[in-house]
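Student: I'd like to ask some things about the structure below.
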Amino acid sequence: MTIVNILFYLFSAVLIGSAIGVITARNPVHAALFLVFSFFNSAVLWLLLEAEFLAIVLVLVYVGAVMVLFLFVVMMLDINLVQMRQGFTKYAPIGLVVAAIVVAEIGSVVWVKELGLTNIGDVAPLPAGYSNTKALGQLLYSDYIYPFELAAVILLVAIVAAIILTMRKRTGLKPQDIAAQVAVRAKDRVRIVKMKAEGKES
Amino acid sequence: MATDITSIADLAPAGAEIFVLAATCVVLLADVFWGERQRWLTYTLSLLTLAGAAVITLTHGAPGRELAFSGMFVSDPMGDVLKVFTYGAVAVSFIYSRDYLTRRGLAKGEFYVLALFAMLGIMVMITAGSLLTVYLGVELLSLSLYALVAFDRDSGIAAESAMKYFVLGAIASGALLYGISMVYGVTGSLRLDEIAVGVSEVGASQLGLVFGLAFIVVGVAFKFGAVPFHMWLPDVYHGAPTPVTLFIGSAPKIASFALAIRVLAEGLGGMVGGWQDMLVVLAALSMGLGNVVAISQTNLKRMLAYSTISHVGFILLGFVAGTATGYQAAMYYTLTYVIMALGGFGMILLLSRDGFESDRLEDFKGLAKKSPWFALVMLMLMFSMAGVPPFVGFWAKIGVIGAVVDKGYTWLAGIAVFFSVIGAFYYLRVIKLMYFDEPTDVGAIEAGGSMRFVLSANGLAVLALGVFPSVLLDLCIRVLQ
């Protein structure tokens, strides 16, 4: 057992443990943090495969951007956990039966028989100075240019969809009109009323 | 191993896709700048986009099978025929939807933009040469459809059905991806032609492949809306604004057919015995449940949703046969069903007015007195869906049933005939309401001239294709050898 193997099993075990933590944690914030932890462990697995670019991207994009946003949403939304769990006990028996069947089926396939995932051999070690990022970039803009562009179109659709679903003109909103605020003059706002000074009461 | 794209000629097979994408972006920008005042511009540009794409596909059609983009993209005659039908279906649904959207203040440019993006997703699925492009096409189509369903922000029921669609669709995409990953693990490739070779090398009974196949079939069945993966279909059809229902009910069915033929028949064709058994169950359940539950519906959109489920069962029959004749019959069924669905939902749009949806069965009472011509159009559509000769639906049903009988599934053909007899009841009920009941609604039909014209043509097409069935059938036979 080489050091790489030991590291792989170590980080995989921690990854599975934290993945279980994601779904068993009672507090949504804890669940999100467990997810961050499992992303870190996955990033280490990428590093063991010498795919340093993917490892960094996983940490930067998922941990740095997606999960932080997710944490914000979880903290800002007032999620009533008691209410959410109400339906749980009602459907739990059915859910358990379905889950047991699925686990038994998948288990019978995965453990009892050979899956035959043999075509993917060991990863050959890369020569020194090999740039993972460059190789990825070359593939993305040559062999995979078509899927790459399609992914870009999907992102564009997501933007259009998000805007159409959230931006709407409602009455009763009080948005700022910056131009009007800048153009305002003092005499429009303040009215000076001349009054007689009040004398002593006689 | 990286192949460079050196000249514009390498991009030529995808000319229609590139044109649609560029033109959709033009529509999007044009709508931002001029749309608010001149909505007709967006509408016209969208129709021009479809016309342009049709010209490109028709003039640059591939004589045979051509690969592009390192095998990610397949251009073949079947794809060209499906694409041209898709343009037609989208154009017709735009024409039908226009009045409805304007009357309800929903005439935003994004409707056209999202529909065009959905159509691009359909085109990507039709021309997919790799599981990666299959998946991206599915996502592009689904994402646009989720947004379209929730498009009417003031409707609670639309938001609810969009939510259901989104959650169930995400699960189905997950199942599809999981299956794809298993197939990739066994065959070592995402390209469909290489997968076909890989399957024949390792053998169809290889357990990892069967495992992956099961999940892929779940994904395909969900996109089709086959029982037991049909839960989203009635709610989405009912909850979505009628123009969106019309759109979902028509062109995406071509995409589902393309998905099945590319992945199951081309990629995993060597495992035909494996997926045949699964599709037998799906087809029998879909025909049974769709036709029986449709009887108890009072809402026409919901009724047509269950009718869709039963028609999906018939389309799957063609795949169950697993022969070239079966695929031809399934393609013929899909194309004719799209024409019928356009007409059926088009009739609901035709009769709707401001504040009146016209989607209940009783809204069709006495239509023959109000508008004899459109009652006749509806009669032709309903007869065709029920499979009454001489309308086109009859030939479609004959085709798929004949294909399964040839393969020895006589009992399945028996089930199909039995349930189409049951299904005839609810189609005939609509005709009875139109011709023998007194009208409850006195409002006149407000639809514009172009819609009346296209809908009339749509109804007549159902009759004409039924009288001359060989026109379309020969086309399907020629492109699917």
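The values are calculated or read from the model by the stated rules, or taken from the named source; none is laboratory data. Remember, it's a predicted structure, so these values are computed and weren't measured experimentally. Don't worry about glycine lacking a Cβ; one is built from the backbone with ideal geometry, like all the others, and counts go over all protein chains shown. Ligands, DNA and RNA are excluded from the accessible area calculation, which covers all protein heavy atoms including side chains. Shrake-Rupley method; radii C 1.70, N 1.55, O 1.52, S 1.80 Å.
Student: Which one is surrounded by the most Cβ atoms within 10 Å (Cβ to Cβ) among residues in the range B:62-80 that are more than 14 Å from chain A (Cβ to nearest Cβ) and within 22 Å of the chain's Cα centre (by Cα)?
Tutor: Restricting to residues being more than 14 Å from chain A (Cβ to nearest Cβ) and within 22 Å of the chain's Cα centre (by Cα), the top hit is B:Gly79.
Student: Here's another thing I want to ask about it. Could you list, in sequence order, the residues of the range A:145-192 that are part of a helix (DSSP H, G or I) and more than 14 Å from chain B (Cβ to nearest Cβ)?
Tutor: Matches in the range A:145-192: A:Ile178, A:Ala179, A:Ala180, A:Gln181, A:Val182, A:Ala183, A:Ala186, A:Lys187, A:Asp188, A:Arg189.
Student: A follow-up question, please. Give the range B:202-231 a look and list any residue that's in a helix (DSSP H, G or I), more than 11 Å from B:Val183 (Cα to Cα) and under 21 Å from the mean Cα position of the chain (by Cα), or say none.
Tutor: Passing the criteria: B:Val217, B:Val218, B:Gly219, B:Val220, B:Ala221, B:Phe222, B:Lys223, B:Phe224.
Student: Checking the conditions here, which among B:Thr133, B:Thr127 is in contact with a Ser or Thr (Cβ under 7 Å, 6 or more places away or on another chain), among the polar types (S, T, N, Q) and within 11 Å of chain A (Cβ to nearest Cβ)?
Tutor: Answer to the selection: B:Thr127.
Student: Right, something else. Here's a check for you: in the range B:289-328, which residue that is open to solvent by 10 Å² or more (accessible area, probe 1.4 Å) and of a type in the set (Gly, Ala, Ser) is nearest to B:Ala221 (Cα to Cα)?
Tutor: Here the answer is B:Gly322.
Student: I want to confirm something. Restricting to the range B:428-459 and keeping residues that are over 21 Å from B:Glu362 (Cα atoms) and without any contact (Cβ under 8 Å) to a residue 12 or more places away in the chain, which single residue is most open to solvent (accessible area, probe 1.4 Å)?
Tutor: B:Phe453
Student: Another one. Read through the list (1) on the phi > 0 side of the Ramachandran plot; (2) within 11 Å of chain A (Cβ to nearest Cβ), then give the number of the only condition that B:Gly225 fails.
Tutor: (2)
Student: Continuing with this model, one more query. Could you go through the range B:380-399 and let me know if any residue there is open to solvent by less than 40 Å² (accessible area, probe 1.4 Å), small (Gly, Ala, Ser) and more than 20 Å from B:Asn291 (Cβ to Cβ).
Tutor: No, the range B:380-399 contains no residue that is open to solvent by less than 40 Å² (accessible area, probe 1.4 Å), small (Gly, Ala, Ser) and more than 20 Å from B:Asn291 (Cβ to Cβ).
Student: Residues in the range B:105-124: is at least one part of a helix (DSSP H, G or I), over 30 Å from B:Gly449 (Cβ atoms) and more than 9 Å from chain A (Cβ to nearest Cβ)?
Tutor: yes
Student: Please work out which residue is nearest to the other protein chains (Cβ to nearest Cβ), limiting yourself to the range B:209-222 and to residues that are crowded, with 23+ Cβ neighbours inside 10 Å and among the small types (Gly, Ala, Ser).
Tutor: Looking at the filtered set, the residue picked out is B:Gly212.
Student: I would also like to ask the following. Output the residues belonging to the range B:128-141 that are surrounded by fewer than 24 Cβ atoms within 10 Å (Cβ to Cβ) and under 20 Å from A:Ile159 (Cα atoms).
Tutor: Result: B:Tyr135, B:Glu139.
Here is a yes/no grid of residues against (1) over 18 Å from B:Leu268 (Cα atoms); (2) within 11 Å of chain A (Cβ to nearest Cβ); (3) surrounded by fewer than 21 Cβ atoms within 10 Å (Cβ to Cβ):
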position	(1), (2), (3)
B:Ser161	yes, no, no
B:Leu168	yes, no, yes
B:Ile171	yes, no, yes
B:Gly179	no, no, no
B:Gly188	no, yes, yes
B:Ile195	no, no, no
B:Gly198	no, yes, no
B:Gly203	no, yes, yes
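Student: Can you tell me how many residues in the range B:144-175 are charged (D, E, K, R) and part of a helix (DSSP H, G or I)?
Tutor: Residues that pass the stated criteria total 2.
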